[in-house]
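Colleague: Structure in structure tokens, see below.
Just so you know, all these numbers are worked out from the coordinates, no wet-lab data involved. From a predicted model like this one, the values you see are computed outputs, not experimental measurements. All Cβ positions, even for glycine, are placed from backbone atoms using ideal geometry, and neighbour counts span all protein chains on display.
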């Protein structure tokens, strides 16, 4: 399937209001069994590159589960989310072993990237976990991201169809689309894994997730 737009784009104000209402207590990945599987597979995918990674940023972090799992190997972590980052999430990442946790409050991507340190490639790893399909300009986000990280982890549904009806997602795309978008934005794809969660195999509209690692070139 080629890239398709699933729904009209909300304004920035509408987007903030939408997520504040949808997740008033904050996003919690453990509510959905397939999200638990996806987070576990994402962490496993990233860990193969951890010898090159000491600093990380996840600016659409939700409950911070991915960075928390990587925390023992990190010296510095930056967390952000359109709904803000709770004190509990910050402490969980720090308690998991990352000594320095910095938050970016209530700013949406790509604007929140500018809160990262002013240095070449501010972090070793940028995490865009289930993020690209949520943003109005995914190509612009990938181009901006290339200035802020050496490595990129990206996950997104594979070939999402409008019939799924997810009100959070603007875009559906195939594996070839994402490969092309990464390359055109200054990233060299390193590898990709397709994840079919066991917990949703019985569902007709269940997601297959594509998990990517890329490096800035």
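Colleague: With respect to the numbered conditions (1) in contact with a helix residue (DSSP H, G or I) (Cβ under 6 Å, 6 or more places away or on another chain); (2) closer than 24 Å to residue 16 by Cα; (3) buried (at least 19 other Cβ atoms within 10 Å of the Cβ), which one is the sole condition not fulfilled by residue 144?
Modeller: All conditions are met except number (3).
Colleague: Residues that are on the phi < 0 side of the Ramachandran plot and surrounded by fewer than 17 Cβ atoms within 10 Å (Cβ to Cβ), at least 2 per element: which strands (runs of 3 or more DSSP E) completely within segment 21-125 meet that?
Modeller: Numbers: elements: 55-58, 76-81, 101-105.
Passing ranges, in order: 101-105.
Colleague: Sort out which residues of segment 120-141 are out of contact with any strand residue (DSSP E or B) (no Cβ under 9 Å at 6 or more places or on another chain) and closer than 10 Å to residue 169 by Cα, and write them in order of number. So that I can check it myself, show each step before the final result.
Modeller: We begin by selecting, within segment 120-141, every residue out of contact with any strand residue (DSSP E or B) (no Cβ under 9 Å at 6 or more places or on another chain); these are 120, 136-137, 139-140.
Selection gives 136 alone.
Colleague: Go through segment 175-211 and give me each residue that's in a loop (DSSP other than H, G, I, E, B), over 17 Å from the mean Cα position of the chain (by Cα) and surrounded by 14 or more Cβ atoms within 10 Å (Cβ to Cβ). Explain how you work it out, then say what you get.
Modeller: Of all residues in segment 175-211, those in a loop (DSSP other than H, G, I, E, B) come to 185-186, 196-197, 201-208.
Next cut, over 17 Å from the mean Cα position of the chain (by Cα) only: 186, 196-197, 201-206.
Listed by number, the residues that qualify are 186, 197, 206.
Colleague: Test residue 181 against the stated conditions and say whether it is in contact (Cβ under 8 Å) with a residue 12 or more places away in the chain, in contact with a strand residue (DSSP E or B) (Cβ under 6 Å, 6 or more places away or on another chain) and more than 20 Å from residue 112 (Cα to Cα).
Modeller: On the way: in contact (Cβ under 8 Å) with a residue 12 or more places away in the chain: yes; in contact with a strand residue (DSSP E or B) (Cβ under 6 Å, 6 or more places away or on another chain): no; more than 20 Å from residue 112 (Cα to Cα): yes.
The answer is no for residue 181.
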